[in-house]
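Undergrad: To start, I am sharing the structure in question, which I have written as structure tokens.
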Amino acid sequence: MTESGMKIRALTVGVLQTNCYILADDKTKECAVIDPGDEAERILSAAQGYKVKYVILTHGHFDHFEAAEEIREKTGAQTLIDRLDYDLLLSGGESGALLMKDSLTPKIDGFIKDGDELTLGTLKLKIMSTPGHTQGSCVIICDKVIFSGDTLFLESYGRCDLTGGSEEDMRKSLLKLSELPGDYTVLPGHGDRTYLSYERRFNPLMSL
Ligand SMILES: [Zn+2]
């Protein structure tokens with residue numbers, strides 16, 4: 001926990017080992033669940049003691065949203081995604097349909113876009129659009145932490161060959177991230193955490 005009251009819990013969930021994050025404000029006991037890819041019960045028990053205000057999806061792939069609707073139903077949270085990934089989400093999130101059950105498609109309460117700022121207790125969550133992995137991919141910035149979804153990974157980045165993906169967009173998005181002033185802890189949608197200062201030096205698309 002930081003001075004601001006920001007508290008983060010990370011859980012790795014589902015078949016694709018997605019990192020789900022619970023971002024909480026310990027002062028007001030509100031939290032946001034970022035990318036609840038699976039295992040709703042586990043996520044809910046990790047969020048116990050907090051009011052889930054938002055479920056935020058960094059993009060519309062199934063491995064980032066399959067537990068969203070159950071969490072929304074059980075907590076009354078608002079589920080948010082960039083409008084540009086809405087069709088992708090409705091079509092099953094590139095799941096190959098066999099993996100998907102209709103009941104797992106989350107209802108969306110609102111759309112987020114570049115520059116939006118969400119209030120979570122005493123915390124401010126800034127949305128930055130980072131297309132490349134999908135058209136509607138975004139990252140969430142809170143204090144000195146970036147929740148980077150499938151945009152930025154440790155020494156890597158999300159694949160650009162799926163629906164809506166673009167390596168050119170990814171390059172621009174990573175450049176935009178690298179130009180943020182100072183250092184940030186980066187909490188990605190898959191794999192280990194990293195730091196922006198480290199990625200500026202070692203990420204294959206950032207260090208060119
Ligand atoms: Zn993805």
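Undergrad: Counting only residues that are within 25 Å of Val33 (Cβ to Cβ) and either of a type outside the set (A, V, I, L, M) or part of a helix (DSSP H, G or I) (or both), how many does the stretch 177-198 have?
TA: Total satisfying the criteria: 12.
Undergrad: Which residues, taken from the stretch 143-166, are more than 15 Å from the ligand (Cβ to nearest atom), surrounded by fewer than 24 Cβ atoms within 10 Å (Cβ to Cβ) and under 13 Å from the mean Cα position of the chain (by Cα)?
TA: Listed by number, the list holds a single entry, Val145.
Undergrad: For the stretch 148-204, give me each residue that is under 19 Å from Thr12 (Cβ atoms) and among the hydrophobic types (A, V, I, L, M, F, W, C).
TA: Leu152, Phe153, Leu154, Val186, Leu187
Undergrad: Same structure, new question: Consider Leu123 against the criteria (1) over 27 Å from Ser4 (Cβ atoms); (2) away from the ligand (no atom under 15 Å from the Cβ); (3) surrounded by 15 or more Cβ atoms within 10 Å (Cβ to Cβ); (4) not β-branched (Val, Ile, Thr): it satisfies all of them except one. Which criterion is unmet?
TA: Condition not satisfied by Leu123: (1).
Undergrad: Let me ask something else. Report the residue count in the stretch 167-179 for those that are within 14 Å of Ser129 (Cβ to Cβ) and away from the ligand (no atom under 16 Å from the Cβ).
TA: Residues meeting the conditions: 4.
Undergrad: Still on this model: Picking from Val145, Val139, which residue would you name as being under 16 Å from Ile56 (Cα atoms) and touching a Gly at 6+ places or on another chain (Cβ under 7 Å)?
TA: One residue alone meets the criteria, Val139.
Undergrad: Let me ask something else. So Gln78 ticks every box in (1) surrounded by fewer than 19 Cβ atoms within 10 Å (Cβ to Cβ); (2) over 24 Å from Gly136 (Cα atoms) but one. Which box is left unticked?
TA: All conditions are met except number (2).
Undergrad: Another question, if that's okay. Restricting to the stretch 118-142, count the residues that are under 15 Å from the mean Cα position of the chain (by Cα), of a type in the set (Ser, Thr, Tyr) and farther than 22 Å from Asp183 by Cα.
TA: 1
Undergrad: Which of the following residues is among the acidic types (Asp, Glu), closer than 21 Å to Tyr86 by Cα, out of contact with any helix residue (DSSP H, G or I) (no Cβ under 8 Å at 6 or more places or on another chain) and modelled with pLDDT of 95 or more: Asp161, Asp150?
TA: Asp161
Undergrad: Test Leu90 against the stated conditions and say whether it is within 16 Å of the ligand (Cβ to nearest atom), of a type in the set (A, V, I, L, M) and either more than 15 Å from the chain's Cα centre (by Cα) or exposed (fewer than 15 other Cβ atoms within 10 Å of the Cβ) (or both).
TA: Details: within 16 Å of the ligand (Cβ to nearest atom): yes; of a type in the set (A, V, I, L, M): yes; either more than 15 Å from the chain's Cα centre (by Cα) or exposed (fewer than 15 other Cβ atoms within 10 Å of the Cβ) (or both): yes.
Taking the combined requirement at face value, the residue satisfies it.
Undergrad: OK, next. Kindly evaluate Pro36 against the criterion of being surrounded by 22 or more Cβ atoms within 10 Å (Cβ to Cβ) and touching a Cys at 6+ places or on another chain (Cβ under 7 Å).
TA: Against the criterion (surrounded by 22 or more Cβ atoms within 10 Å (Cβ to Cβ) and touching a Cys at 6+ places or on another chain (Cβ under 7 Å)), Pro36 qualifies.
Undergrad: Under the condition of being hydrophobic (A, V, I, L, M, F, W, C) and either touching a Leu at 6+ places or on another chain (Cβ under 6 Å) or farther than 21 Å from Cys138 by Cβ (or both), which residue from the stretch 7-30 is surrounded by the fewest Cβ atoms within 10 Å (Cβ to Cβ)?
TA: Looking at the filtered set, the residue picked out is Val15.
Undergrad: Anything in the stretch 4-18 that is outside any strand (DSSP E or B) and out of contact with any helix residue (DSSP H, G or I) (no Cβ under 9 Å at 6 or more places or on another chain)? List them, or say none.
TA: Ser4, Gly5
The values are calculated or read from the model by the stated rules, or taken from the named source; none is laboratory data. Here the structure is a predicted model, which is why all the values come from computation and not from measurement. So basically every Cβ, Gly included, is an ideal-geometry build from the backbone, and we count neighbours across all protein chains shown.
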